[in-house]
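These notes concern the structure reproduced below.
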Amino acid sequence: MSVRPASPAMTAAAEVSARRAGFIIDTLTVARRAVRSIPRDPETVIPAILFPAFFFAVNIGAFQDLFKQQEFDFKAFQVPVAIIFAVTGISRAMTLVLDIQGGYFDRLGMTPVTRFALLLGLMVADFALVVALTVPVLLLGFIVGVRFESGPLGMLLFILISGMWGLAFAGFPYFIALKTGNPSAVNLSFLIFMPFVFLAPVFIPREAMTSWLATIVAFNPVTYLLDALRALIMEGWDWPVIVKGILAVSGVGAFSFTLALWAFKGRVTRR
């Protein structure tokens, strides 16, 4: 029985069907899957809203009267603290761990998808989520009378910087997820944040800190993040302070992303 040779049209169709979708399409596809999985994982989102709101309310109730005589807006001072608690540690790293354990990550690696898109797509979804998480906390601030001295554009920059910080810190849980493939280790990644936040000017202005604590605070990137966010609320367009905050966030992001990419490369190579 003779076999008919494939026609040029059939060959061209086969080539088109095997063609890669492209880096951007791959990234958006992974991001879309990650975003759609968020409603099925409410235990990672609801505490990120409730805990900062509770923290903000307790701090206002406990310390507001101490600052009234100094004409210091403690409510505005605390909004950035609540924001960073809301956006820090929020990532799809746990989803990545489950994909690794279930073999889905390995199966994706056998497809024509761009390898880096497997990680970047998750980070795109993370950025969208952490930006969304800033909104309820800001609404709570508006309810108690906090206003932005920098206006609407300053509020947008505030949200952008907050989202950048959430994404910068997300590199650490991704590194742990890719390196260990252990869900328990990923859950503990938030502990990395504890020294950052409690060795920063969370409750009192930086100028009031002295001795060894003042020295540590000066080297803490969260200090400059808080300074930038507070400047947008309480002072306006203080560009030197804002730029320092952006640079501090960028430095943390560069370090965490380097770790995550190194672990990602190792995971793909082992496969």
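The values are calculated or read from the model by the stated rules, or taken from the named source; none is laboratory data. No experiment lies behind these values; they were computed from the predicted model shown. Cβ placement follows ideal geometry from the backbone for every residue including glycine, while neighbour counts extend to all protein chains displayed.
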Of residues in segment 77-112 being under 28 Å from Ile49 (Cβ atoms) and among the aromatic types (Phe, Trp, Tyr), the one surrounded by the fewest Cβ atoms within 10 Å (Cβ to Cβ) = Phe85
task = Consider only pairs whose beta carbons are under 8 Å apart and that are at least six residues apart or on different chains; among these, list those whose first residue lies in segment 117-139 and is of a type in the set (D, E, K, R) and whose second residue is in a helix (DSSP H, G or I).
result = Asp126/Ala34; Asp126/Gly166; Asp126/Leu167; Asp126/Ala170
query = Restricting the search to segment 221-251, which residues are among the hydrophobic types (A, V, I, L, M, F, W, C) and surrounded by fewer than 20 Cβ atoms within 10 Å (Cβ to Cβ)?
reply = Met234, Trp237, Trp239, Val241, Val243, Ile246, Leu247
Meets criteria (under 15 Å from the mean Cα position of the chain (by Cα), closer than 19 Å to Gly245 by Cβ and in a helix (DSSP H, G or I)) for Leu138 = no
message = Out of the helices (runs of 4 or more DSSP H) lying entirely within segment 156-271, which hold 2 or more residues that are in contact (Cβ under 8 Å) with a residue 24 or more places away in the chain and within 29 Å of Met110 (Cα to Cα)?
response = 183-187, 239-270
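Tally time: how many residues in segment 23-49 are within 14 Å of Gly121 (Cβ to Cβ) and surrounded by 13 or more Cβ atoms within 10 Å (Cβ to Cβ)?
Residues flagged as within 14 Å of Gly121 (Cβ to Cβ) and surrounded by 13 or more Cβ atoms within 10 Å (Cβ to Cβ) within segment 23-49 amount to 14.
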ask   = Does segment 157-169 include one or more residues that are among the aromatic types (Phe, Trp, Tyr), modelled with pLDDT of 85 or more and more than 15 Å from the chain's Cα centre (by Cα)?
value = no
